[in-house]
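**Q** Shown below is the structure under consideration.
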Amino acid sequence: MAKKIFALVLVVMLLGVVGMVSAQETRWDGADDLPVNPLECANGEAAPADAAATEAPEAPAYDGGMAVNAPDLTGAEITVVDIPKLVGIGYFNATAQGTQEAAAELGNVTVINDGPTEANIDDQITFIDNYITQGVNGVLFAANDPVAIAPVLQKALEAGIHVVGYDANAQPDAREWFVNQAEFNGIAKALIDSLVTEKGDSAAFGIVTSTFTTPNQSRWISEMWAYAGKCYPNLKWLETVEAQEDSKLSFDQANTLLNKYGEEIQGLFGMTSVATPNSADAVTQAGLCGKVAVIGLATPNPMKPFVESDCVKSVVLWNPVDLGYAAVYVMRAVVDGTFKPGDTEVSAGRLGMLQVVNGSEVLLGPAFVFNKENIGGFDF
Amino acid sequence: MTVSSNEAPAQSGFSLRALLIRQEFILFVITIVGVLLLATQSDKFLTVDNILNQGRLVTEVALVALPMTLIIITGGIDLSVGSIMGVCAIVLGYSWKNLGFPLELAIAFTLVVGLVAGLLNGLFIVRLGLPPLIMTLATFALYRGLAEGISQARSVRGYPDWFFEMGQKNFMSYEKGVPNQLIIVVIAAVIVGIILARTPFGRGLYAIGNNEMGARFSGIPVFLYKLVIYSFSGFMAGMAAWIYVSRVSTTRSDMGTGLELDAIAAVVIGGTSIFGGSGTIIGTVIGLILIQLLKNGLALSGVKGDSTTIVVGLVLILAIVLNNFIQNPPEWFKRRFASS
Amino acid sequence: MTASTHSNSGAASKKDGGFLSSLRGFFGSQEGILLIVIIVLMVAVGTSNPRFLSQTNLKDVFAANAYIAVAALGVSMVIISGNIDISSGALVGVLITLSGNLAVGLADAGWPLMLVNIIAWVAPLIGGMVIGAVNGFFVAYLRIPAIVVTLGMFSILKGGLILVAGGNTIYNLPEGYTIAQQDWLGIPSTIYFMVILTIVVFLWLRYSATGRSIYAVGGNAEAARLSGINTRRVIMITFILNGLMVGICSLMLATQFNQIQATAPPGLEMFVITAAVVGGVSILGGTGTVLGSTLAAILVKTIGSAMVFINVSPYWLKAVQGTLILVTVLVDVLRRRRQSRQ
């Protein structure tokens, strides 16, 4: 009978091996399979990404959805709910702050910030569903999964509720507009350029990401792969590790990379606002500041100690407060009918006019690079 | 209104009293009171549309809660159902997209994989005498690992339209009406309920939960029964995977995370003893309704975020405390009650 | 889960027969097997990539899961007494938030730093014991099954955390707060926590009267009660001590970084139970030692780290973890069968 059991275990393992063999990777670990569009090389010196400057020659047609029979609420009081991927992390607290700022400025918008405590698709869907039942006028979202969230967003559109995304997109036809924080290729270029400035164009580096399939992260890695391939072919890609969005895992995974590659590793990319500070923590605690550069996406507050101690030279991010702020302005304009399919720009309060790109996306602006000089001026 | 029956005097005979102190009845009353209270907080709550929609959302938990009831009645537990759902969702997408199965075949294959995953649990538990908690804890990690390993955490999308019929449409494709999956849940609940209450198999499960040795000596095929319920549990998790993928239109390896705890909570709130030997499907169904409507009602009355889970946790503990108290009142209470 | 608890008490059944046979006894035990597996794995991976055995990596391998090991000490005691705790993950989230907010809040209020740090360190321990006492009270005195109580507690704590704290990341921690970052004599402080606590709990369970009564209660509660053990008190103590261990675990997690994320690592409670079970604690209660759970926590990290070193996709980690539980339990079952045949 022990043999039988053994055979069963063997079958299970075989199943696994089949899966392992069949999953071939063409790009770097953690990259997706979508087309890439690397920007022009920086000619050896790092410049802030100028994503907005390189627009496609002819703008694609609007490909977003439409709210069905939405009531005319021009200028009227509206209630908008904001459901990010999860609540309780610095990044989405900052976007929530932005939504409230915009609401206060506009005066006729009430924003409810709510959402799940874990980045879980099922919870997020249930939240949106409940708010549809409750009867809000608009839904702002940052999707945990672009496809899984689509049916419930479509349900909102069918109920005459306006839907605008930010930070993480859904399928275009499931929402009206998406406020894009910065183009993927712009972020990718800013990250790679920062590494090259610090460690030269043949540096060896590792990546700490959330999971290999998180849409934004895998887009960035793809664009980094493409941009580096085009401009810095000598860069040495060591490995991508996953750390979900967890401090402890990020710290442990960064440590494992440092140990595995020893002297060889010269840089670490943190692809999430959790991975970056904790990778910096790992490098600091291992006494490798200066030897290993940490570059990544992060909010400024957790990064301040590392930037001030010179362990981290530059942090790449857009301003998440502005992102939430812009999303509310876009929502208001959509409800008022002042922002329609086919328009090429939209007014967003103190941010001025924002451009429309890729058919139905509103571009916030170029990526922002925080460094020792300017990081003190931000508090989020 | 049904609540009025609560005020009926308990003198009219033994059976009425027995009914009144049954956990299912107490729960039913709690549910009604809770629903009415919540209905005063939001006029969107107690509407047919909302209730039916909640039925759609609770389907996956309900499907696995049914076999979970049977398993807990025998004194076992199945922690791996969420992971089986994950691996089944991946198998569905993988066999369709990567192995080129026709989608109908992929669905059938998914259900078979769920069945086999459950059967594997059952075999180890039965043949090696492993405690169910340990065995399903191991497969909790193992099956989730297979889901992640096979898919490499890549999701599969782009299913044909007919596939969404099950998860997103209503009965006979009416614009408004009963969600398709809710019908499946109701049918499944009725069948499982009848089997548990009215067949030798059902009685055998109670016997196993009360005294496994005794059940074996009295000629009940204990091993077979256990294999059946664990396999059934896997099968239903596969079913949940299919319906869930159809509802959200993509597969991901993290699907079903935490499903086991939701199901166990519903079963236990529904009055099934975690030590085995007692419990009913009606109880589980009321437990499911209570949890789902509480969460939904609180959310609609403006309670934000996951703080609704506090209420679920409290109800879980208090329901058991209350039930223990009524079924088995402490001495001081009995004395007082008898003297008055 | 059934009431049938006819297990042979592993800790007590040590028939003495000299050094050699006790050595053989050790290597035949769950702890011995785990130790051998860890060593074999380290040597194997170390030969393919010598950096695996570098001092810094060994330090990380031993230190990284120290917090799991400490929490597993607590849950091992609970399991030995015949109960279970699945609320530890949510509790850790609450306690690290408590500690971090106290540290930042009191430091901002101008309290002396030393005092602030001590309060922030002690608070999670006390908080853990209070929650442990609540769990214990429901289990011991109201006779609610532990799995129900701790499942309920899990929901309450998880929801309560977001309601009260809003779940913000906490930064600007005061100077000197981060003790888990420190090295003492070149060894990370967390390893000291793990090793010392493991030894203390091991000896306490083995030699103190209360410790031994935990085995008695888990083995056969009725017999224990008849032999004069206050079973309610014993269950209460195990849950309070479990809370204390979760508190220490939270302290180790909170003081490791320069900022505190107000949630515990996902799936922590299952990880902790896995460590206890792989370590040889029988879920039926009554048997097991805590040496095994600590070794199991180290083994899981060794495997995780080894997978990165030998370039296996990390997606297989969980599958390996599951297989590991299965294999250890199978080995345990087969060994017991052989023993009972002899």
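The values are calculated or read from the model by the stated rules, or taken from the named source; none is laboratory data. In this text the structure is predicted, and so the values were computed from the model without any measurement. Neighbour counts are summed over all protein chains in view; Cβ atoms, including those assigned to glycine, are modelled from backbone coordinates with ideal geometry.
**Q** Of the residues B:Ser253, B:Ser218, B:Ser246, B:Ser273, which is among the small types (Gly, Ala, Ser), surrounded by fewer than 23 Cβ atoms within 10 Å (Cβ to Cβ) and within 14 Å of chain A (Cβ to nearest Cβ)? Full working, then the answer.
**A** Values: B:Ser253 fails: surrounded by fewer than 23 Cβ atoms within 10 Å (Cβ to Cβ); B:Ser218 fails: within 14 Å of chain A (Cβ to nearest Cβ); B:Ser273 fails: within 14 Å of chain A (Cβ to nearest Cβ).
Unique residue meeting the criteria: B:Ser246.
**Q** One residue is enough: does region C:249-271 have a residue meeting the conditions within 13 Å of the chain's Cα centre (by Cα), within 14 Å of chain B (Cβ to nearest Cβ) and among the aliphatic types (A, V, I, L, M)?
**A** Scanning region C:249-271, I find at least one residue that is within 13 Å of the chain's Cα centre (by Cα), within 14 Å of chain B (Cβ to nearest Cβ) and among the aliphatic types (A, V, I, L, M), so the answer is yes.
**Q** Still on this structure, I have one more. Suppose we filter C:Ile235, C:Ile179, C:Ile229, C:Ile199 for residues that are over 17 Å from C:Val70 (Cα atoms) and out of contact with any Gly (no Cβ under 9 Å at 6 or more places or on another chain); which single one remains?
**A** On the way: C:Ile235 fails: out of contact with any Gly (no Cβ under 9 Å at 6 or more places or on another chain); C:Ile179 fails: over 17 Å from C:Val70 (Cα atoms); C:Ile199 fails: over 17 Å from C:Val70 (Cα atoms).
Checking each option against the conditions leaves just C:Ile229.
**Q** Here's something else I'd like to know. What's the number of the only condition in (1) outside any strand (DSSP E or B); (2) modelled with pLDDT of 90 or more; (3) more than 10 Å from chain C (Cβ to nearest Cβ) that A:Ala282 fails to meet?
**A** (3)
**Q** Taking the criterion of being under 30 Å from A:Val196 (Cα atoms) and of a type in the set (A, V, I, L, M), would at least one residue in region A:321-338 satisfy it? Walk me through how you get there before you give the answer.
**A** Initial filter on region A:321-338 (under 30 Å from A:Val196 (Cα atoms)): A:321-323.
Still in the running and of a type in the set (A, V, I, L, M): A:321, A:323.
Yes, because at least one residue in region A:321-338 is under 30 Å from A:Val196 (Cα atoms) and of a type in the set (A, V, I, L, M).
**Q** Another question, if that's okay. Of the residues C:Val300, C:Val278, only one is within 12 Å of chain B (Cβ to nearest Cβ), buried (at least 24 other Cβ atoms within 10 Å of the Cβ) and closer than 21 Å to C:Val43 by Cβ; which? Steps first, please.
**A** Values: C:Val300 fails: buried (at least 24 other Cβ atoms within 10 Å of the Cβ).
Within the list C:Val300, C:Val278, the selection yields C:Val278.
**Q** Across region A:146-159, which residue is farthest from B:Pro160 (Cα to Cα) among those that are more than 8 Å from chain B (Cβ to nearest Cβ) and over 21 Å from the mean Cα position of the chain (by Cα)?
**A** Filtering region A:146-159 for residues that are more than 8 Å from chain B (Cβ to nearest Cβ) and over 21 Å from the mean Cα position of the chain (by Cα), the one farthest from B:Pro160 (Cα to Cα) comes out as A:Ala159.
**Q** Is it the case that B:Phe101 is surrounded by fewer than 24 Cβ atoms within 10 Å (Cβ to Cβ) and not in a helix (DSSP H, G or I)?
**A** yes
**Q** For region A:134-142, check the following and say yes or no: at least one residue is touching a Lys or Arg at 6+ places or on another chain (Cβ under 7 Å), crowded, with 21+ Cβ neighbours inside 10 Å and not polar (S, T, N, Q). Give the steps one after another, and end with the answer.
**A** Initially, region A:134-142 is screened for residues touching a Lys or Arg at 6+ places or on another chain (Cβ under 7 Å), giving A:134-135, A:142.
From the residues that got through so far, the ones that are crowded, with 21+ Cβ neighbours inside 10 Å too are A:142.
Narrowing further to those that are not polar (S, T, N, Q): A:142.
Checked against the condition, which is being touching a Lys or Arg at 6+ places or on another chain (Cβ under 7 Å), crowded, with 21+ Cβ neighbours inside 10 Å and not polar (S, T, N, Q), region A:134-142 yields at least one hit.
**Q** Based on what the data block shows, is B:Ile326 surrounded by fewer than 20 Cβ atoms within 10 Å (Cβ to Cβ), away from every other protein chain (no Cβ under 11 Å) and of a type in the set (A, V, I, L, M)? Please lay out each step first, then the result.
**A** On the way: surrounded by fewer than 20 Cβ atoms within 10 Å (Cβ to Cβ): yes; away from every other protein chain (no Cβ under 11 Å): yes; of a type in the set (A, V, I, L, M): yes.
Considered against the rule, which asks whether it is surrounded by fewer than 20 Cβ atoms within 10 Å (Cβ to Cβ), away from every other protein chain (no Cβ under 11 Å) and of a type in the set (A, V, I, L, M), B:Ile326 comes out as yes.
**Q** Please tell me if A:Asn130 is under 27 Å from B:Val48 (Cβ atoms), of a type outside the set (A, V, I, L, M, F, W, C) and in the same structural domain as A:Val330 (by TED's automatic domain parsing).
**A** Values: under 27 Å from B:Val48 (Cβ atoms): yes; of a type outside the set (A, V, I, L, M, F, W, C): yes; in the same structural domain as A:Val330 (by TED's automatic domain parsing): yes.
For A:Asn130, the condition - under 27 Å from B:Val48 (Cβ atoms), of a type outside the set (A, V, I, L, M, F, W, C) and in the same structural domain as A:Val330 (by TED's automatic domain parsing) - is met.
**Q** So, one more: Among what's in region C:112-157 and is under 24 Å from B:Ile72 (Cβ atoms) and more than 13 Å from chain B (Cβ to nearest Cβ), pick the residue that is surrounded by the fewest Cβ atoms within 10 Å (Cβ to Cβ).
**A** So, considering only residues that are under 24 Å from B:Ile72 (Cβ atoms) and more than 13 Å from chain B (Cβ to nearest Cβ), the one surrounded by the fewest Cβ atoms within 10 Å (Cβ to Cβ) is C:Ala140.
**Q** Residues in region C:293-322 that are in contact with a strand residue (DSSP E or B) (Cβ under 9 Å, 6 or more places away or on another chain) and closer than 16 Å to C:Val195 by Cβ: how many? Even if it seems obvious, please write down each step before you answer.
**A** Taking region C:293-322 and keeping what is in contact with a strand residue (DSSP E or B) (Cβ under 9 Å, 6 or more places away or on another chain), we get C:308, C:311, C:314-315.
With the extra rule that they be closer than 16 Å to C:Val195 by Cβ, the set shrinks to none.
Residues flagged as in contact with a strand residue (DSSP E or B) (Cβ under 9 Å, 6 or more places away or on another chain) and closer than 16 Å to C:Val195 by Cβ within region C:293-322 amount to 0.
**Q** Check C:Val329, C:Val234 and return the single one that is within 12 Å of chain B (Cβ to nearest Cβ) and either under 23 Å from C:Ile80 (Cα atoms) or free of Cβ contacts under 8 Å to residues at least 60 places away in the same chain (or both). Lay out the reasoning, then the answer.
**A** Numbers: C:Val234 fails: within 12 Å of chain B (Cβ to nearest Cβ).
Within the list C:Val329, C:Val234, the selection yields C:Val329.
**Q** Looking at A:Val362, A:Val330, which one is at pLDDT 90 or above, within 21 Å of A:Gln100 (Cβ to Cβ) and assigned to a strand (DSSP E or B)?
**A** Working: A:Val330 fails: assigned to a strand (DSSP E or B).
Testing whether each residue is at pLDDT 90 or above, within 21 Å of A:Gln100 (Cβ to Cβ) and assigned to a strand (DSSP E or B) leaves just A:Val362.
**Q** Return the residue satisfying two criteria in turn: it lies in region C:233-248 and is within 21 Å of C:Ala180 (Cα to Cα) and β-branched (Val, Ile, Thr), and of such residues it is nearest to the chain's Cα centre (by Cα).
**A** C:Val246
**Q** Which of the residues spanning region B:104-155 are touching a Phe, Trp or Tyr at 6+ places or on another chain (Cβ under 7 Å) and outside any helix (DSSP H, G or I)?
**A** Those that are touching a Phe, Trp or Tyr at 6+ places or on another chain (Cβ under 7 Å) and outside any helix (DSSP H, G or I): B:Leu130, B:Gln152, B:Ala153.
**Q** Let me ask another. Residues in region B:125-135: is at least one more than 10 Å from every other protein chain (Cβ to nearest Cβ) and touching a residue at least 40 places away in the same chain (Cβ under 8 Å)?
**A** yes
**Q** Take the residues in region C:45-61 that are out of contact with any strand residue (DSSP E or B) (no Cβ under 8 Å at 6 or more places or on another chain) and touching a residue at least 40 places away in the same chain (Cβ under 8 Å), then tell me which one is farthest from C:Cys249 (Cα to Cα).
**A** Looking only at region C:45-61, we keep the residues that are out of contact with any strand residue (DSSP E or B) (no Cβ under 8 Å at 6 or more places or on another chain), and these are C:45-58, C:60-61.
Checking the rest, the ones that are also touching a residue at least 40 places away in the same chain (Cβ under 8 Å) come to C:45, C:48-49, C:51-52, C:57, C:60-61.
Working: C:Val45: 29, C:Ser48: 34, C:Asn49: 32, C:Arg51: 29, C:Phe52: 26, C:Asn57: 22, C:Asp60: 17, C:Val61: 17 Å.
Going through the qualifying residues, I end up with C:Ser48.
**Q** Can you tell me which residue within region A:109-145, out of those that are at the interface with another protein chain (Cβ under 8 Å from one of its Cβ atoms) and part of a loop (DSSP other than H, G, I, E, B), is nearest to A:Leu157 (Cα to Cα)?
**A** A:Gly135
**Q** To continue, here is another question. Go through (1) crowded, with 19+ Cβ neighbours inside 10 Å; (2) over 23 Å from A:Ala275 (Cα atoms) and name the single condition A:Gly337 misses.
**A** For A:Gly337, the exception is condition (1).
**Q** Between B:Gly258, B:Gly238, B:Gly287, which is more than 14 Å from B:Ala62 (Cβ to Cβ) and in contact with a Ser or Thr (Cβ under 9 Å, 6 or more places away or on another chain)?
**A** On the way: B:Gly258 fails: in contact with a Ser or Thr (Cβ under 9 Å, 6 or more places away or on another chain); B:Gly287 fails: more than 14 Å from B:Ala62 (Cβ to Cβ).
B:Gly238 is the lone residue from the list that is more than 14 Å from B:Ala62 (Cβ to Cβ) and in contact with a Ser or Thr (Cβ under 9 Å, 6 or more places away or on another chain).
**Q** What are the residues in region A:239-259 that are under 22 Å from the mean Cα position of the chain (by Cα), more than 7 Å from every other protein chain (Cβ to nearest Cβ) and without any contact (Cβ under 8 Å) to a residue 60 or more places away in the chain, if any? Break it down into steps so the answer makes sense when it comes.
**A** Residues of region A:239-259 under 22 Å from the mean Cα position of the chain (by Cα): A:239-251, A:253-254.
From the residues that got through so far, the ones that are more than 7 Å from every other protein chain (Cβ to nearest Cβ) too are A:239-240, A:243, A:245, A:250, A:253-254.
If the condition is that a residue be under 22 Å from the mean Cα position of the chain (by Cα), more than 7 Å from every other protein chain (Cβ to nearest Cβ) and without any contact (Cβ under 8 Å) to a residue 60 or more places away in the chain, then A:Ala243, A:Ser250, A:Gln253, A:Ala254 are the ones that fit.
**Q** Are any residues in region C:50-72 surrounded by fewer than 16 Cβ atoms within 10 Å (Cβ to Cβ) and either among the polar types (S, T, N, Q) or within 9 Å of chain A (Cβ to nearest Cβ) (or both), and if so, which ones?
**A** We begin by selecting, within region C:50-72, every residue surrounded by fewer than 16 Cβ atoms within 10 Å (Cβ to Cβ); these are C:50, C:53-56.
C:Ser54, C:Gln55, C:Thr56, listed by residue number.
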